[in-house]
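The next block holds one structure in the form of structure tokens; read it before the comments.
Every read-out reported here was derived from the displayed coordinates using simple, explicitly stated rules and does not represent laboratory data. For clarity, every value in this text was computed on a predicted model and none was experimentally measured. Cβ coordinates were reconstructed from backbone atoms using ideal geometry, including for glycine residues, and neighbour counts include every protein chain displayed.
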Amino acid sequence: MKRKVFSIMAIAALALTACKKDNVDETQMGSATINGTVRADIDQTNDINGAGLYEQYLSPEGVSGMVVTVEVSTEDWDSDPNGNYDYETMTYTTTTDANGNFTLTIPATQEGYDIEIMFTDVHGVTRKLYSTDGNTVQETSGIGLWTRNEFIYDGANLTVVYDADYVYAENNDTYDYGYATVSGVLYGNWDQSNGAPNNFPFPYVGAERYGTGSPLEGKKLYWGYDWAPYGVGYDNITEVNIETDGTFSFQVPTYPSSYGGSVDIYFGFYDVDDFVIINNMAGTADSLDPAIFTSGGIQGVYVYGLTDGEVRDASFEPGINYY
């Protein structure tokens, strides 16, 4: 009986041993070389075309100090891969030089295989921004790229150029800003007992101001950037008072006029649960109908293309939803 048990265990051990595969020895393989350059529009002042206009990436600069990494599963080296085997992952890394150049040499097979090239964001890059008056506007930026895919094989010698996918401002203490003014009046027929007042501009005929005694009295508007100057400020929401006469006004930091850019914003208010005054034609007391006053939330109204020194009328009529 003991002899039988031993035989079964020995057979099982041999079976497990047969399933095990050794890693492919990369010294026995060929190789592929990737000669790459990473670029970004770091100095916009040298991107002026023959018409005197800024042209993005007309003369991009190399991005230095960016870590470039390729991870390869040794399964790609195996001519007869085993799906049950846990293959080792090999990592190959280099860093771009002062001109944004890098070189990676990676083991490769004759059949070839796909690789993913990964990039680590660089930080603290000083960028010069284009200015229409020739003044230098600078910001400190981060620069990054999404993953790139390439096919390599034994003997391949690739030359590739990758332009940055995103550039973002970071930790800038001071900027050169301009300012635009957004103002207006909230209109709405929240009090239907007193008729429509005269002299209200189109398209608000038949609606009164959301002024004294209105459901919006004492409430606030909130605004934020949909397109921010220098790529900053997206997470900042600013509150604005709705005045007793239904008016509002606020300043929006923009690019300076010398820079020539514009910004986009959204604004609105949170839903207000209140009443609409309904005129009772029978001559009895006016009634109050419950309603929700809405602008579509704090992102209900969009204002596009604000520039330095501009004054924009953004009057609007909120919705009244009865329930």
Rough spin-label spacing in nm, given labels placed 7 Å along Cα→Cβ, for H123 and T147: 2.3 nm
In range of the label at N35: residues from the stretch 141-161 whose backbone nitrogen is under 14 Å from the point 7 Å along Cα→Cβ: 156-161
Among N157, L58, G36 the positive-end extreme of the charge dipole of the stretch 23-169 (Cβ point charges): L58
Under 12 Å, Cβ to Cβ, from Y234 - net charge with Lys/Arg +1 and Asp/Glu -1: -3
Computed label-point distance, nm, for sites T159 and E116 using a 7 Å Cα→Cβ extension: 2.9 nm
